[in-house]
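Below: the structure, in structure tokens.
The values are calculated or read from the model by the stated rules, or taken from the named source; none is laboratory data. Remember, predicted model here, so these are calculated numbers, not experimental data. Every residue, glycine among them, receives a Cβ derived from its backbone with ideal geometry; neighbour counts consider all protein chains shown.
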Amino acid sequence: MNIPNLVQGIVIDAPNQVWFSDFTYLPYYGRFVYLATLEDVFTRQVVGWEVSIRHNVDLVAQALLNALNNHPAPAITHSDQGSEYRSKLYLNLLKSFNIKPSMSQKASPWQNGYKESFYSGFKLELGHPECYLTLGELIEAIAQQIHYYNNLRIHTALKCPPAVFAQRVLTTKQPRQLFSENWSKNEAPEYPRTVLSDPRRCLIPFSQRSNRSPLLLTNKLSAETQSV
């Protein structure tokens, strides 16, 4: 089935017109943990996400459902041509919500550049995944980092955090007022603050900074993933 790129060249001037979707992998004690996210192209807000120890259709489908629990369905969702996004289950899920699928051309990662850029910065700010001793701590750190990205981190293109920009879209009819240079932290909604100086946020895996046994931590991971 040939799914065209529906977003190339279009003008996106409102929320929930196009969501970009992708997943990435995080190395964790000899295996990988996978993070799938969806981002509203207009507000740059992460509208939904999911973590799993497997990269399959369930991962991307649950991320979509999580997004739809809190946001109206977009007109289009765009992704690369990964098998997870081309599966019948995922395409039927999109169809059930009247969402049109759009895909980048093969060997054209720049056509999904929003997600490539997001994950690059996200991984840098999260730190090495092995800084977190348990899978639960890693997932909590991911949740906090996404919350920080949406609610406090000033986006270069928006001049304010994505959630603040999204709120402005709902409350103003003047597009020029959306890109204010005078945003202050007092305008941000209440949220649990992420402490960026947390020593767990590091670039060196915990196993390389202490005498703790990576095997012990891997065994912990195996036990925890049974409940994920």
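Determine whether SER102 is at pLDDT 90 or above, among the hydroxyl-bearing types (Ser, Thr, Tyr), surrounded by 13 or more Cβ atoms within 10 Å (Cβ to Cβ) and on the phi < 0 side of the Ramachandran plot. Taking the combined requirement at face value, the residue satisfies it.
Buried (at least 20 other Cβ atoms within 10 Å of the Cβ), on the phi < 0 side of the Ramachandran plot and modelled with pLDDT under 90: does that describe SER120? Spelling it out, it is not the case that SER120 is buried (at least 20 other Cβ atoms within 10 Å of the Cβ), on the phi < 0 side of the Ramachandran plot and modelled with pLDDT under 90.
With a requirement of 2 or more residues that are closer than 19 Å to SER120 by Cβ, the strands (runs of 3 or more DSSP E) lying completely within region 1-104 that satisfy it span 18-28, 31-40, 46-52, 76-79. If VAL11 satisfies every condition in (1) out of contact with any Leu (no Cβ under 9 Å at 6 or more places or on another chain); (2) under 23 Å from SER96 (Cα atoms) but one, which is the exception? Checking VAL11 against (1) out of contact with any Leu (no Cβ under 9 Å at 6 or more places or on another chain); (2) under 23 Å from SER96 (Cα atoms), the one that fails is (2). Taking the condition of being among the aliphatic types (A, V, I, L, M) and in contact with a strand residue (DSSP E or B) (Cβ under 6 Å, 6 or more places away or on another chain), how many residues in region 60-84 meet it? Within region 60-84, residues that are among the aliphatic types (A, V, I, L, M) and in contact with a strand residue (DSSP E or B) (Cβ under 6 Å, 6 or more places away or on another chain) number 4.
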